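Undergrad: Before I ask anything, let me first share the structure, which is written out below as structure tokens.
The values are calculated or read from the model by the stated rules, or taken from the named source; none is laboratory data. Computed from a prediction, not measured in an experiment: that's the story for all the values here. With ideal geometry, Cβ positions are generated from the backbone for all residues, glycine too; neighbour counts draw on all protein chains shown.
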């Protein structure tokens, strides 16, 4: 089985091609557009949603079949046609030009595969079985979507603000210190809509060696020391 290298791509402003105009292509197009890609669709027939997107100028639609040379200048492409021979031709051109390509339901002709996605706010979890079982990836996605651990994603906004503030101050915090400061109290503040209070609490706990329930070393935090303090039992 191929060992894939997991990666998140910045597609903002990148030219991405989708071959095919059915429901599968429609889903791929929507995800590419959500990522900021400039999407072109090549297919003689498309779904009403794709047609509307083209009429609104949201995607570029080429009302025809694949032609050699279509992939010139593309960053990434998805082949979602129902014609194996055409997909093979697209794969060969993508290989020649070095264009990232996903051929739907054919991992052998993919230079990348699309994972199953769990998303909460700006936090994204990608699940892949290496192409072995899309059904299992979907099952894991459904299970994780309802897992309470995903609530920690609600902290991302406050954490981002804290990082930016510390960079302005020129303060470096030990990575373990961050872990020790992510607790249920902080999460409760954010989920109750008290983001400002959460940010103040987080910055204090990160930088103040006298914070209750945390060890005195902010530059070299010890999880064992934090865990041994009785007032830290809420974590």
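Undergrad: Going by what's in this entry, would residue 79 be described as at pLDDT 95 or above and either crowded, with 19+ Cβ neighbours inside 10 Å or out of contact with any helix residue (DSSP H, G or I) (no Cβ under 9 Å at 6 or more places or on another chain) (or both)?
TA: When the stated conditions are applied, residue 79 passes them.
Undergrad: Taking the stretch 11-59 only, how many residues are farther than 17 Å from residue 116 by Cβ and free of Cβ contacts under 8 Å to residues at least 12 places away in the same chain?
TA: Within the stretch 11-59, residues that are farther than 17 Å from residue 116 by Cβ and free of Cβ contacts under 8 Å to residues at least 12 places away in the same chain number 6.
Undergrad: Which residues, counting only those in the stretch 1-40, are out of contact with any helix residue (DSSP H, G or I) (no Cβ under 6 Å at 6 or more places or on another chain), in a helix (DSSP H, G or I) and surrounded by 11 or more Cβ atoms within 10 Å (Cβ to Cβ)?
TA: Passing the criteria: 23, 24, 25, 27, 28, 29, 30, 31, 32, 33.
Undergrad: Also, quick follow-up: It is to be established whether one or more residues within the stretch 58-66 are buried (at least 21 other Cβ atoms within 10 Å of the Cβ), in the same structural domain as residue 35 (by TED's automatic domain parsing), in a loop (DSSP other than H, G, I, E, B) and modelled with pLDDT of 95 or more.
TA: Among the residues of the stretch 58-66, at least one is buried (at least 21 other Cβ atoms within 10 Å of the Cβ), in the same structural domain as residue 35 (by TED's automatic domain parsing), in a loop (DSSP other than H, G, I, E, B) and modelled with pLDDT of 95 or more, which makes the answer yes.
Undergrad: Which one of the conditions (1) at pLDDT 85 or above; (2) surrounded by 15 or more Cβ atoms within 10 Å (Cβ to Cβ); (3) over 25 Å from the mean Cα position of the chain (by Cα) does residue 200 fail to meet, given that it meets all the rest?
TA: Among (1) at pLDDT 85 or above; (2) surrounded by 15 or more Cβ atoms within 10 Å (Cβ to Cβ); (3) over 25 Å from the mean Cα position of the chain (by Cα), the lone unmet condition for residue 200 is (2).
Undergrad: Of all helices (runs of 4 or more DSSP H) completely enclosed by the stretch 96-194, which ones contain at least 3 residues that are touching a strand residue (DSSP E or B) at 6+ places or on another chain (Cβ under 7 Å) and at negative phi?
TA: Once the helices (runs of 4 or more DSSP H) in the stretch 96-194 are filtered for at least 3 residues that are touching a strand residue (DSSP E or B) at 6+ places or on another chain (Cβ under 7 Å) and at negative phi, what remains is 134-145.
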